[in-house]
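The values are calculated or read from the model by the stated rules, or taken from the named source; none is laboratory data. Computed from a predicted structure; not experimentally measured. Neighbour counts run over all protein chains shown; Cβ positions are idealised from the backbone, glycine included. Each accessible area value is taken on the protein alone, full model and side chains, heavy atoms only, with ligands, DNA and RNA left out. Shrake-Rupley method; radii C 1.70, N 1.55, O 1.52, S 1.80 Å.
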Amino acid sequence: MKKSVFILMAAMLLNVVQVFATDPQKGEAKPAKAVTTQIFQLLSDNIIPDEIRGAKAEVRVALDNGDYLRVLSVKTENEALETYIRNSIDFQKVSKGTFEQGVIYRIPLEVSKKGSIL
């Protein structure tokens, strides 16, 4: 009886390990990560002003039918950061990716004191 319980437990453990080991989207970038990467690239292409260094924001964006970014909202205490974000990424075309149109992506941003986007 002990052996059959031990064998059953070992088989269940192997099944659980196999389920967690398989990745159904292997090789594909996740949509949120693809959009975030492109937004960070667009923001870092511009010169970062001194008045937004150290500021944080939460940006909500969506993609329209033409693969253009649309800024829906920017939550921040810093008005200059909101203006910078809207001028840098609103109505910018993104490259083809695995993202979906019409989905709202929430992206937290932080500008370091050195001037890089985190």
Count the net charge of all other residues whose Cβ sits under 13 Å from the Cβ of Ser88, scoring Lys and Arg as +1 and Asp and Glu as -1. -2
Spin-label point model (7 Å from Cα, Cβ direction): what's the Arg53 to Ser95 distance in nm? 3.0
Please give the peptides 35-41, 69-75, 100-106 ranked by average Cβ packing (other Cβ atoms within 10 Å per residue), highest first, as a rough proxy for protection. 35-41, 69-75, 100-106
Extending each Cα 7 Å along its Cβ direction at Lys113 and Arg86, get the distance between those two points in nm, one decimal. 2.9
Spatially proximal aspartates and glutamates relative to Lys56 (Cα-Cα < 13 Å; intrachain offsets below 8 disregarded): Glu77, Glu79, Glu82, Glu110
Among Ile48, Pro31, Val59, flag the residue with its Cα farthest along the positive direction of the charge dipole of region 31-84, charges on Cβ as +1 for Lys/Arg and -1 for Asp/Glu. Pro31
Carbon and sulfur: what percent of region 30-93's accessible surface (1.4 Å probe)? 48
Given a 1.4 Å probe, the accessible area of region 31-72 per residue, as a whole number of Å², is 53
